1. When only residues in the range 41-53 that are outside any strand (DSSP E or B) and not aliphatic (A, V, I, L, M) count, which is modelled with the lowest pLDDT?
2. Of the residues that make up the range 61-69, is at least one under 18 Å from E12 (Cβ atoms), hydroxyl-bearing (S, T, Y), modelled with pLDDT under 95 and surrounded by 14 or more Cβ atoms within 10 Å (Cβ to Cβ)?
3. Would you confirm whether or not the range 28-36 contains a residue that is loosely packed, with under 13 Cβ neighbours inside 10 Å and in contact with a helix residue (DSSP H, G or I) (Cβ under 8 Å, 6 or more places away or on another chain)?
4. All but one of (1) of a type outside the set (S, T, Y); (2) assigned to a helix (DSSP H, G or I); (3) under 14 Å from the mean Cα position of the chain (by Cα) hold for D99, so report the exception by its number.
5. What number goes with the only condition from (1) within 20 Å of F19 (Cβ to Cβ); (2) in a helix (DSSP H, G or I) that L68 does not pass?
Amino acid sequence: MNKDKKLKKLFEFYNRRYFSNRLVMPHEISFKSDLRSGKHKCAGLAIIFPDNTTALRIDKKLIEFNKLTRTVLLHEMAHISAGLESDEEHNFRWGAEIDRLYREGAYDELL
């Protein structure tokens, strides 16, 4: 199975387990090189398009780091759940999602 397919499987697993399947599968979920949010390099990006479709990208450098990939994936899924793109501020809604994920054990074996 290629790495992007594994990333999609992880998305499905976390969506089912921690988001009650309420996140729509992004039209693109993949590993990419040189991710940027504005001028800053970043480990992941959640993009929400005007038609409410989404894309989720994880830096290709993380492919071999399973726990870090999962941590970044959950972070970006929280952006989508809160309705925020990665370049928007980490506001209360996003923080509440991260707190909920932490309390529900999403990060137990990752951090």
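The values are calculated or read from the model by the stated rules, or taken from the named source; none is laboratory data. Keep in mind that this is a model prediction, so the values were computed, not measured. For neighbour counting, all protein chains shown are included, and Cβ atoms are generated from backbone atoms with ideal geometry for every residue, glycine included.
1. Here is the first cut: in the range 41-53, the ones outside any strand (DSSP E or B) are 42-43, 49-53.
Subsequent filtering for residues that are not aliphatic (A, V, I, L, M) retains 42, 49-53.
On the way: C42: 92, F49: 89, P50: 89, D51: 90, N52: 86, T53: 90.
The residue in question is N52.
2. Taking the range 61-69 as the starting set, the residues that turn out to be under 18 Å from E12 (Cβ atoms) are 66, 69.
Subsequent filtering for residues that are hydroxyl-bearing (S, T, Y) retains 69.
Right, trim to modelled with pLDDT under 95 and you get none.
Checked against the condition, which is being under 18 Å from E12 (Cβ atoms), hydroxyl-bearing (S, T, Y), modelled with pLDDT under 95 and surrounded by 14 or more Cβ atoms within 10 Å (Cβ to Cβ), the range 61-69 yields no hits at all.
3. Of the residues in the range 28-36, the ones loosely packed, with under 13 Cβ neighbours inside 10 Å are 33-34, 36.
Add one more test, that the residue is in contact with a helix residue (DSSP H, G or I) (Cβ under 8 Å, 6 or more places away or on another chain), and what stays is 33.
Yes, the range 28-36 contains at least one residue that is loosely packed, with under 13 Cβ neighbours inside 10 Å and in contact with a helix residue (DSSP H, G or I) (Cβ under 8 Å, 6 or more places away or on another chain).
4. All conditions are met except number (3).
5. For L68, the failing item is (1).
Residue-by-condition table, conditions (1) part of a loop (DSSP other than H, G, I, E, B); (2) farther than 24 Å from E109 by Cβ:
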site: D4; (1), (2): no, no
site: S20; (1), (2): yes, no
site: A55; (1), (2): no, yes
site: E64; (1), (2): yes, no
site: E76; (1), (2): no, no
